[in-house]
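Trainee: My structure is below; once you've seen it, I'll send some questions.
What follows draws every value from the coordinates through simple rules; no lab data is involved. In this text, all values refer to a predicted model and were calculated from it rather than measured experimentally. A quick note on method: Cβ atoms are made from the backbone with ideal geometry, for glycine too, and the neighbour counts reach across all protein chains shown.
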Ligand SMILES: [Zn+2]
Ligand SMILES: [Zn+2]
């Protein structure tokens, strides 16, 4: 079975310590066919002030140098993760006009009220904030030129049990319908296995629903920020995907999406 990881952060992300060459060495050893570096280029004004803005052109150029260096042993994609894409259009779209990345993950980390759902938080999220979270995802998948919807449900990562979100189900359904219509893949992000939640996100019930609706594009992302993260729960993710009745994952090619089997069935 070929192995793919479409969500890896290197040193261009302010929150990652992962060196590209170290990661590639491990990916080759672990038998990966293709990986995508997906560093953050999604600076909200507050983040730009805190972290500064790295050069997108330098980033793409450096990934291209790495691609050339390792082309005999592994395929490497120059991807990006854009948080709140629909809110950072003014910054992001000109960047893409200059050079389109191979792969774009769109994801939501910060709600319109400034609440960050992707880090540990003490307060319980209100029903309104959870609805806001999904509504933001919906606005993003409707409007943005993305290839993958990243970590849908990431606000649950530090929870210890599955919350009852039946009141948000119609919004989640709309999100799934739109990504299917727009050929946007649904990411299975396995970072929550390292956190209290212990399930991948989008979570198994959502993956199941997506497949039931006819969706066929599932990608796997480790969301690695350190070398130990890479590949740590890959096999567990595959096993649990098979339990969701998922037997192939999506692979991006110059012709668009194709699929690759993950099990014998
Ligand atoms: Zn993210
Ligand atoms: Zn990420």
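Trainee: Please report 49, 60 as a ranked list, fewest other C-beta atoms within 10 angstrom at the top and most at the bottom.
Mentor: On the way: 49 10, 60 18.
Lowest count first: 49, 60.
Trainee: Among 140, 1, which comes first, second and so on when ranked by fewest other beta-carbon atoms within 10 Å? Intermediate results must be reported in sequence, preceding the final value.
Mentor: Numbers: 140 24, 1 12.
In order of increasing Cβ crowding within 10 Å: 1, 140.
Trainee: Taking R0 as 30 Å, what's the FRET efficiency between residue 216 and residue 58 from their Cβ-Cβ distance, rounded to 0.05?
Mentor: Working: r = 36 Å, r/R0 = 1.19.
Once the sixth-power term is evaluated, E becomes 0.25.
Trainee: So, one more: Quick one: length gained pulling residue 259 to residue 169 fully straight, 0.36 nm per residue minus the C-alpha distance?
Mentor: Values: separation 90, 0.36 × 90 = 32.40 nm, distance 2.76 nm.
Roughly 29.6 nm would be gained on extension.
Trainee: Provide the gained length on full extension for the span residue 239 to residue 123, in nm with one decimal, where the gain is 0.36 nm per separating residue minus the Cα-Cα distance.
Mentor: On the way: separation 116, 0.36 × 116 = 41.76 nm, distance 3.34 nm.
Residue separation times 0.36 nm, minus the Cα-Cα distance, leaves 38.4 nm.
Trainee: Now a separate question. Order 108-114, 126-132 from most to least packed using the mean count of other Cβ atoms within 10 Å. Let's see the in-between values first.
Mentor: Numbers: 108-114: 16.9, 126-132: 14.9.
Per-residue Cβ counts within 10 Å, averaged per peptide and sorted highest first, yield 108-114, 126-132.
Trainee: On a full-extension model of 0.36 nm per residue, what is the gain between residue 181 and residue 71, subtracting their alpha-carbon distance, rounded to one decimal in nm?
Mentor: Numbers: separation 110, 0.36 × 110 = 39.60 nm, distance 3.34 nm.
Extra length from residue 181 to residue 71 when fully extended: 36.3 nm.
Trainee: Right, another one. Looking at the chain, what % of its DSSP beta bridges pair antiparallel, to the nearest 5? Present the calculation step by step, with values, prior to reporting the outcome.
Mentor: Numbers: 8 of 33 bridges.
Within the chain, antiparallel bridges account for around 25 percent of the total.
Trainee: I've got another one for you. Under the classification rounded if a/c is under 1.5, otherwise prolate if a/b is larger than b/c and oblate if not, where does the chain fall, given a ≥ b ≥ c as square roots of the Cα gyration tensor eigenvalues?
Mentor: Numbers: a/c = 1.44, a/b = 1.12, b/c = 1.28.
Taking the square roots of the gyration eigenvalues as a ≥ b ≥ c, the chain is rounded.
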